[in-house]
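Asks: Next up is a structure, given as structure tokens.
None of the figures in this text is laboratory data; all of them are computed from the coordinates on show. Source: prediction; values computed, not measured. All Cβ positions, glycine included, derive from the backbone under ideal geometry; neighbour counts span all protein chains shown.
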Amino acid sequence: MTVDYFAHETAVIDEGCTIGKGTKVWHFSHIMPDCKIGENCNIGQNVVVSPGVVLGHNVKVQNNVSIYTGVTCEDDVFLGPSMVFTNVVNPRSAVNRRGQYAKTKVGKGVSIGANATIVCGSDLGEYAFIGAGAVVTKDVAAYALVIGNPARQTGWMSEYGHKLDFRDNFAICPESGEKYELQNGEVVKVDNV
């Protein structure tokens with residue numbers, strides 16, 4: 001069987017996982033059974049990817065991240081250093097809740113900052129931006145910027161990661177020139193005409 005991904009010699013790759021072409025798994029990381037990792041991902045050092053986790057293509061996982069069962073990350077997600085997901089709302093050491101893992105969906109293009117915590121059962125909308133150290137306890141809208149503990153929305157972000165300045169319900173990303181519209185409390189990217 002040909003392996004078309006890179007795994008550092010100290011990485012542990014369990015049988016039964018799928019790892020896409022061009023993906024890199026670095027020092028002391030553990031990829032557990034039945035997880036699916038897409039193409040061109042980068043799994044930093046000391047990362048745990050638990051059974052059943054799904055990572056799309058081009059996902060960047062920085063050092064010391066724990067991705068627990070129940071988490072799905074779509075394409076182009078960035079997981080910052082030492083951020084963590086949970087998968088049980090009310091954990092107790094003496095109570096086995098393995099069959100009660102809550103699901104967390106991380107939409108395409110989401111960035112999660114260093115040391116952030118994502119409490120299970122939350123959906124993070126496409127291109128949301130979670131600030132460093134934030135504690136997310138509920139769903140986050142697409143393109144939303146959230147910070148703090150508990151995380152609260154303080155603005156909107158472009159697909160290139162720039163804060164959007166809306167005037168008359170329109171904003172333009174300073175890097176890409178892409179145009180966004182605020183419609184009924186949601187941000188939508190609109191065609192540049």
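Asks: Among residues belonging to segment 102-143 that are of a type outside the set (A, V, I, L, M) and more than 24 Å from His57 (Cα to Cα), point out the one that is surrounded by the most Cβ atoms within 10 Å (Cβ to Cβ).
Replies: Gly133
Asks: Would you confirm whether any residue within segment 133-141 is more than 17 Å from Thr86 (Cα to Cα), over 13 Å from the mean Cα position of the chain (by Cα) and in contact (Cβ under 8 Å) with a residue 12 or more places away in the chain? Write out each step before concluding.
Replies: Of all residues in segment 133-141, those more than 17 Å from Thr86 (Cα to Cα) come to 141.
Next, only the ones that are over 13 Å from the mean Cα position of the chain (by Cα) stay: 141.
Of the ones still in play, those that are also in contact (Cβ under 8 Å) with a residue 12 or more places away in the chain are 141.
Checked against the condition, which is being more than 17 Å from Thr86 (Cα to Cα), over 13 Å from the mean Cα position of the chain (by Cα) and in contact (Cβ under 8 Å) with a residue 12 or more places away in the chain, segment 133-141 yields at least one hit.
Asks: Next question, about the same structure. Which of the numbered conditions does Thr18 fail, given that it passes all the others? Conditions: (1) touching a strand residue (DSSP E or B) at 6+ places or on another chain (Cβ under 6 Å); (2) surrounded by 18 or more Cβ atoms within 10 Å (Cβ to Cβ).
Replies: Every condition holds for Thr18 apart from (2).
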